[in-house]
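Q: Shown below is the structure under consideration.
The values are calculated or read from the model by the stated rules, or taken from the named source; none is laboratory data. Remember, it's a predicted structure, so these values are computed and weren't measured experimentally. Cβ sites come from the backbone with ideal geometry, for glycine too, and all protein chains shown count toward neighbours. Note: accessible area is taken over every heavy atom of the protein model, side chains too, but ligands, DNA and RNA are not part of it. Shrake-Rupley method; radii C 1.70, N 1.55, O 1.52, S 1.80 Å.
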Amino acid sequence: MAAAVTVACLLGLPAAIASADTADSCLWAGTPYSQGATLGAGGWTFTCGRSLTGDARWDRGASAHRTGTVANPGAAGDPTGSFSAGAVQPGTSYNDYCVGEQLVSGREAVYEAVPDGDGLRWRPAGPITQWRFDQGDGTAPTARSVTECRADPQN
């Protein structure tokens, strides 16, 4: 473990990332999967492996032309405790953000769970066209309004 921390520091990686992962498994939508397990989601394969620091993480593999094998709730909340780093999910209104007074829909991108301090966060990883929805699934409309982006008139 000390060697992994030393290598991480030399590479400029965080020395320790807190994780809700169990010792030898990766999380996907709250379900643990053992090291080496491969699943299908969004038209891709993901294999449970380890990062350079020894943390459990999902490694995205080849495109898979089959339906998903796991639940895909979307990037609908903090991924910490539900997903391991490397997991990818379609965006939701949770990922909406404002640029000035314009609302940008989080549904236009896919998001990857990445280490962030003591947990994980969703980081944009590409356009939503990278995600293959199973038949009958798709992005839900945002519940947010452009009024959330308007500047406070009292400031």
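Q: I'd like to know if the stretch 87-101 contains one or more residues that are closer than 24 Å to Ser63 by Cβ, free of Cβ contacts under 8 Å to residues at least 24 places away in the same chain and open to solvent by 40 Å² or more (accessible area, probe 1.4 Å). Spell out the reasoning first.
A: Let us first name the residues in the stretch 87-101 that are closer than 24 Å to Ser63 by Cβ, namely 87-92, 95.
If we keep only those that are free of Cβ contacts under 8 Å to residues at least 24 places away in the same chain too, we end up with none.
Scanning the stretch 87-101, I find no residue that is closer than 24 Å to Ser63 by Cβ, free of Cβ contacts under 8 Å to residues at least 24 places away in the same chain and open to solvent by 40 Å² or more (accessible area, probe 1.4 Å), so the answer is no.
Q: Would you tally the residues in the stretch 37-62 being in contact with a Phe, Trp or Tyr (Cβ under 8 Å, 6 or more places away or on another chain) and open to solvent by 40 Å² or more (accessible area, probe 1.4 Å)?
A: 5
Q: Here is a further query. Just for strands (runs of 3 or more DSSP E) wholly inside the stretch 25-135: which have at least 1 residues that are within 30 Å of Val146 (Cβ to Cβ)?
A: Those strands (runs of 3 or more DSSP E) span 88-90, 97-99, 102-104, 109-116, 119-127.
Q: Among the residues that make up the stretch 81-99, is at least one of them among the small types (Gly, Ala, Ser) and in contact with a Cys (Cβ under 7 Å, 6 or more places away or on another chain)?
A: Checked against the condition, which is being among the small types (Gly, Ala, Ser) and in contact with a Cys (Cβ under 7 Å, 6 or more places away or on another chain), the stretch 81-99 yields at least one hit.
Q: Looking at Ser34, is it open to solvent by 20 Å² or more (accessible area, probe 1.4 Å), more than 12 Å from the chain's Cα centre (by Cα) and at pLDDT 95 or above?
A: When the stated conditions are applied, Ser34 passes them.
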